[in-house]
Amino acid sequence: MANKGPSYGMSRQVQDKIASKYDPELEQILVEWLSQQCGSGVGKPEAGKGGFQTWLKDGCVLSELINSLFTGDKPIKKIQSSPMAFKQMEQISQFLTAAEKYGVIKTDMFQTVDLWEGKDLAAVQRTLSALGSLAVTKDEGTYRGDPSWFFKKAQENKRDFSDDQLKAGKNVIGLQMGSNKGASQEGMSYGRSRQIL
């Protein structure tokens, strides 16, 4: 938020609501995971939102993270720290592209400005959590850290039914259709009948 003054009114309320979604406990888990996953070379940030943003802002830690999750060819070939804003944003963009290639869905992704300008660090946490969950679920041997930090995503549970089973299922009335237990509306009256003159 480099060139922005303070916000007031509705803008301030929206900004406060977004800021309230940031989870300091999740920050500790993510920092611990990133440190174990990428090695001691990435260091650790100062505690708090500002330190977390500064640590990830240039995109190098994120690039190291995504490269460590891939076996074989690494998606980001060149990782270099740069003081130039557009280079840092490009590095973050490369991470997002590689994360999508790894399997993180679009709705779980943050926008580059969410991290770089610090607009929505909770979205950054959601993306990293989704990436961690995916790494635990894939179980390719590249995940380093405690598996209990992230939930394991549900896997496909495909079932094959024979034709006889499918035909038998058509004869069963599902409970969601309800049942009137043989009742009908015969003999029922709802008030006085209408008089037409």
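The values are calculated or read from the model by the stated rules, or taken from the named source; none is laboratory data. On a predicted model such as this, the values are computed, not experimentally measured, just so you know. Note that each Cβ is placed from the backbone with ideal geometry, even for glycine, and that neighbours are counted across all protein chains shown. We work out accessible area using only protein heavy atoms, side chains counted, and drop any ligands, DNA or RNA first. Shrake-Rupley method; radii C 1.70, N 1.55, O 1.52, S 1.80 Å.
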Which of 135, 168, 98 moves the most in a Gaussian network model of the chain with Cα springs under 10 Å?
168
When the scattering of region 1-94 is computed by the Debye formula from its Cα atoms alone, each counted once and equally, what is log10 I(q)/I(0) at q = 0.19 Å⁻¹?
-1.02
Region 80-165: radius of gyration and largest Cα-Cα distance (Dmax), Å
17.4, 67
For the chain: rounded, prolate or oblate by the Cα gyration tensor [a/c cutoff 1.5]
oblate
Three-way shape label, region 64-119, alpha-carbon gyration tensor, a/c 1.5:
oblate
Just read off the accessible area of residue 54 with the full protein assembly in place, 1.4 Å probe, to the nearest 10 Å².
100 Å²
MRE, 222 nm, helices only [DSSP H, n ≥ 4, -39500 (n - 2.57), over the chain, to nearest 500]
-15000 deg cm²/dmol
Where a label projected 7 Å from the Cα of residue 20 along Cα→Cβ would reach, residues of region 33-53 with amide N under 20 Å:
49-50
Give the residue list of GluC sites (Glu not before Pro) in region 1-84 that are DSSP loop and have at most 14 other beta-carbon atoms within 10 angstrom.
46
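Longest span of the chain, sites excluded, free of trypsin sites (Lys or Arg not before Pro) in DSSP loop with at most 16 other C-beta atoms within 10 Å?
Excluding the exposed sites themselves, the longest stretch runs over 79-143.
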Pop the C-beta distance of residue 36 and residue 86 into the FRET formula with R0 = 22 Å and round what comes out to the nearest 0.05.
0.10
Would you tally the net charge around residue 19, using a Cβ to Cβ cut-off of less than 11 Å, leaving residue 19 out, and scoring K and R as +1, D and E as -1?
+3
Extension length gain for residue 162 and residue 47 (0.36 nm per residue less Cα distance), in nm, is 35.6 nm
Of the lysine pairs in region 101-164, how many meet both conditions: Cα atoms under 24 Å apart, and a spacing of 8 or more in sequence or different chains?
10
Scoring only Lys, Arg, Asp and Glu (+1, +1, -1, -1) among other residues with Cβ under 12 Å from the Cβ of residue 103 yields +1
Sequence-distant aspartates and glutamates (8 or more away, or on other chains) whose Cα lies within less than 15 Å of residue 21:
108, 114, 120
